[in-house]
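Chemist: Okay, handing you the structure first.
The values are calculated or read from the model by the stated rules, or taken from the named source; none is laboratory data. What you see is a predicted model, and the numbers here were worked out from it, not measured in a lab. Cβ placement follows ideal geometry from the backbone for every residue including glycine, while neighbour counts extend to all protein chains displayed.
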Amino acid sequence: MKNELRGRVTKDGIRIYETDDFAGMHVAGALTARILDDIADHVFVGQTTEAIDAEIERMVNEAGAASATIGYKGYKHASCISVNHVVCHGIPGSKSLKNGDILNIDVTVIVDGWYGDSSRMYVAGKLSRKAERLIEVTHDSLMLGIEQVRPGNTFGDIGNAIQGYVEAQRMSVVRDFCGHGLGRVFHAPPNVLHYGRPGTGAVLEEGMFFTIEPMVNLGRPETKTLSDDWTAVTRDKSLSAQFEHSVGVTADGVDIFTLSPGNKFHPTYG
Ligand code: MF3
Ligand code: CO
Ligand code: CO
């Protein structure tokens, strides 16, 4: 049977991939992660986000891969770069980074038809204490969500783990954006919510591939989208952070496709 016809779809519309398909996701995820490792040297005070994006596009091309975001719904760049109070989908531009700016860089590549989608936080210059805490909590909330990934658990278990931790730290989880199924497509069912109640939502099964990508605000959770139709910002102008991994459900747990080869996923604070 042709590869793209294999597998099945659950009653919730979630594709179940085959054991062999994990290998394709690992190749795509590893490239995404390597690019996110290597881009760290290009983040510094005075640098523009369009220069960072140009470097990412160059790395994608050099690897013989394709950018999933260039041409996606009219988007024109190889990354989203979301600075300070930008929640997600920040468009790379000519503004220079200032000392203490925090930024999320989100890259999605396509390798042999498989999608690798990941994002992390970076800092230009010296990190403030409150930004450091926000980044730490956001990172840890993603990892707590990933710990819930195993057959028999539900998507509500993932969302609840993230929300419970974030709110206990007196920060807030963004509701307006979510994670998503992916694999041979960029965005597929389910919507992976970063909040919820235990035991609710679709049940996880071996062979599901999806992202978990919590956005956490220091202030209130509400966002608004700017007139460019992409840039989402916090309504109250508070700082926002995000981390994203692409994962697969295995027989007894989780396989993270976008692990950092240089162990640089969690920001090192100098
Ligand atoms: N990579 C983003 C995600 O995590 C999607 C970016 S779409 C773009 O789903 F068009 F804004 F690049
Ligand atoms: Co994503
Ligand atoms: Co992404």
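Chemist: Give segment 66-81 a look and list any residue that's of a type in the set (A, V, I, L, M) and surrounded by fewer than 20 Cβ atoms within 10 Å (Cβ to Cβ), or say none.
Modeler: Correct list: Ala66, Ile70.
Chemist: Can you pull out the residues in segment 176-209 that are in contact (Cβ under 8 Å) with a residue 60 or more places away in the chain and closer than 18 Å to Ala68 by Cβ?
Modeler: Phe177, Gly179, Gly181, Leu182, Gly183, Arg184, Val185, Phe186, Ala188, Pro189, Phe209
Chemist: Still on this model: Looking only at residues that are surrounded by fewer than 22 Cβ atoms within 10 Å (Cβ to Cβ) and not in a loop (DSSP other than H, G, I, E, B) in segment 53-65, which one is farthest from ligand 1 (Cβ to nearest atom)?
Modeler: Only one residue tops the list, namely Glu62.
Chemist: Collect the residues in segment 67-110 that are assigned to a strand (DSSP E or B) and either at pLDDT below 95 or away from ligand 1 (no atom under 13 Å from the Cβ) (or both), keeping them in residue-number order.
Modeler: Residues satisfying the conditions are Val83, Ser96, Ile102, Leu103.
Chemist: Collect the residues in segment 224-243 that are within 16 Å of ligand 3 (Cβ to nearest atom) and surrounded by fewer than 23 Cβ atoms within 10 Å (Cβ to Cβ), keeping them in residue-number order.
Modeler: Passing the criteria: Trp230, Thr231, Ala232.
Chemist: With touching a strand residue (DSSP E or B) at 6+ places or on another chain (Cβ under 9 Å), crowded, with 17+ Cβ neighbours inside 10 Å and not acidic (Asp, Glu) as the only criterion, which of Gly24, Gly7 stands out?
Modeler: Only one candidate qualifies: Gly24.
Chemist: Here's another thing I want to ask about it. Can you list the strands (runs of 3 or more DSSP E) lying wholly within segment 145-236 that have 1 or more residues being farther than 24 Å from Asp255 by Cβ?
Modeler: It comes to 215-217, 223-225, 232-234.
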